[in-house]
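Novice: Structure in structure tokens, see below.
We did not get these values from a lab; they are worked out from the coordinates using the rules stated. As the structure is a computational prediction, the values presented were derived from the model and not from experiment. Neighbour counts run over all protein chains shown; Cβ positions are idealised from the backbone, glycine included.
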Amino acid sequence: MRSALCIALLVLSTAFSTAAAQGGSVDIIRGRVTGPDGKPLANVNVTAQSMSDETTRSAKTNNDGRFTILFSGGGGDYMMSYLAIGMIPANFEVVKENDDDAVILANAKMQAAATQLEAVRVTANRARPLAGDQYRPDIGGVEQTMNQTGIPLDALGDLSAMAAYLPGVTAITNADGTMGFSVLGLGADENNVTLNGLTFGGTLPRDVQVAARLSTTTFDPSRGGFSGGQISARTFSGSNFVNRNLHVTFVNPDMQWASPTTRSLGQQYTNAIASGSASGPMIWNKLFYNTSFQFGRRSSDLQTLLNTNASALEGVGISQDSVNQLLGAMQSAGIPSTAGGVPSNRLNDQGALFGQLSFAPSGTDTWGVLFNGSWNRSGAASLSTSAVPAHGGQSTR
């Protein structure tokens, strides 16, 4: 009796164990999703569908591109689907090779999806050319009109100095000490200046009648010779109307407010400029003239390392001790710190003359003659508070 009861209990226990094992069969699907460059993809929607009963399970990949899906009684045969924004959907089948394997690997590498845009067709009618289009801004580039509004008096007539006050243009100093301009960080040698279509490198009087514009990055094939900016200036001929202009400008140090340090550095100056223009007919309706002139002088105290006090030197970042060491080293090496003929004031004299004759003997013929000259003299060239008097001299051009 006891033997029969034990046998029955053993058979019943075996049956429950077998049923529990069959009902608790779980497939673990794991994998890693990467992109075209081999890096893991996050937030990829991964779906596994059982091929036996068509049930589905979904999961998303983590930051490392990994995912895990659990299937209870799935049958071991699954269709995998991978969806991600900007990637081509991936689909393939995975099969459990051995019944004893609890983990099924389902790694995937997704490819980027190329977006194809719809064709766009634009149709427009050609605009009719207007008179004077040769003076309009270039559509293929950037052009700015130069005018004398807000330009300092000492910069009027200097086309390069006037261009430096336009937006996007930086003022720089050329190797010869003259003022220039820079576009897109390029040097002044990358620029070009033309007057009535010819290369021009001088200075015009401030009262001259001229229209100028600055061009950058133009795509006009007829214009070249520059990679930074081009100043195009054109003068106007005289007419039957008689015009006379005369301007005198005088700036005195008493009209300037300056701190003690500024006065010690010689920043106050005296400036006198006289200019004028005249235009009109020489022969009515046939011969016209247009002339202008300018003369000026600017003077200020000449300050060098030898005559600038310690407080003023400290204002420009120079220590008096460093100046003493420099002068001592120059004396030991036999290098003179001063020379004869060094002026006590910084004098700059300048003059400019411009003239144009226009001859129109008939309605079909036009002749023109243009002349221009400029003169500039500096009595203390290359001298400043950071230089010794022997470093500079007189410059005339």
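Novice: Apply the Karplus curve 6.51 cos²θ - 1.76 cosθ + 1.60, θ = phi - 60°, to the phi angles in segment 37-50 and return the couplings in whole Hz, x for Gly and Pro.
Specialist: Working through the residues one at a time gives 8, x, 7, x, 10, 9, 6, 7, 7, 10, 10, 10, 10, 5 Hz.
Novice: Continuing with this model, one more query. Is the shape of segment 27-109 best called rounded, prolate or oblate, per the rule: a/c under 1.5 gives rounded, else a/b larger than b/c gives prolate, else oblate, with a ≥ b ≥ c the square roots of the Cα gyration tensor eigenvalues?
Specialist: Taking the square roots of the gyration eigenvalues as a ≥ b ≥ c, segment 27-109 is prolate.
Novice: Running a GNM on the chain with Cα contacts under 10 Å, which residue among 298, 126, 377 ends up with the highest mean-square fluctuation?
Specialist: So, out of 298, 126, 377, the one fluctuating most is 126.
Novice: If you don't mind, another one. Taking the Cα atoms only, what angle lies between the long axis of helix 2-23 and the longest principal axis of the chain, rounded to 10 degrees?
Specialist: Approximately 30 degrees, to the nearest 10.
Novice: Also, I was wondering about something else. Starting from the exponent 0.38 and prefactor 2.2 Å, build the expected Rg for the chain from its residue count and divide its actual Cα Rg by it.
Specialist: In units of the 2.2 N^0.38 Å rule of thumb, it is 2.02.
Novice: Further, regarding this structure: Net charge within 14 Å of residue 312 by Cβ-Cβ distance, Lys/Arg positive one each and Asp/Glu negative one each, not counting residue 312 itself?
Specialist: Value of the local net charge: -1.
Novice: If each DSSP helix of 4+ residues adds -39,500 (n - 2.57) and the sum is divided by the residues in the chain, what number results at 222 nm, nearest 500 deg cm²/dmol?
Specialist: Mean residue ellipticity at 222 nm (helix-derived): -4000 deg cm²/dmol.
Novice: Another question, if that's okay. Where nothing but the Cβ of Lys and Arg (+1) and of Asp and Glu (-1) is charged, how large is the charge dipole of the chain around its Cα centre, in debye to the nearest 20?
Specialist: 1100
Novice: Contact order normalised by length for segment 50-91, with contacts defined as Cα pairs under 8 Å and 6 or more residues apart; what percent is it?
Specialist: After rounding, I find 38 percent.
Novice: Gap in Å between the Cα centre of segment 215-264 and the Cα centre of segment 301-366?
Specialist: 22
Novice: Set the Förster distance to 30 Å, then compute FRET efficiency between residue 119 and residue 45 from the Cβ-Cβ distance, nearest 0.05.
Specialist: Computed FRET efficiency for residue 119 and residue 45 comes out at 0.40.
Novice: Check the straight Cα-Cα distances from residue 96 and name the lysines below 25 Å, setting aside those fewer than 8 residues away within the same chain.
Specialist: Excluding near neighbours in sequence, the set is 60, 109.
Novice: While we're looking at this one, here's another question. List, in order, the whole-Hz ³J(HN,Hα) value for each residue of segment 245-253 obtained from phi through the Karplus relation with A = 6.51, B = -1.76, C = 1.60 and θ = phi - 60°; use x for Gly and Pro.
Specialist: Values, residue by residue: 9, 9, 10, 10, 10, 9, 10, 10, x Hz.
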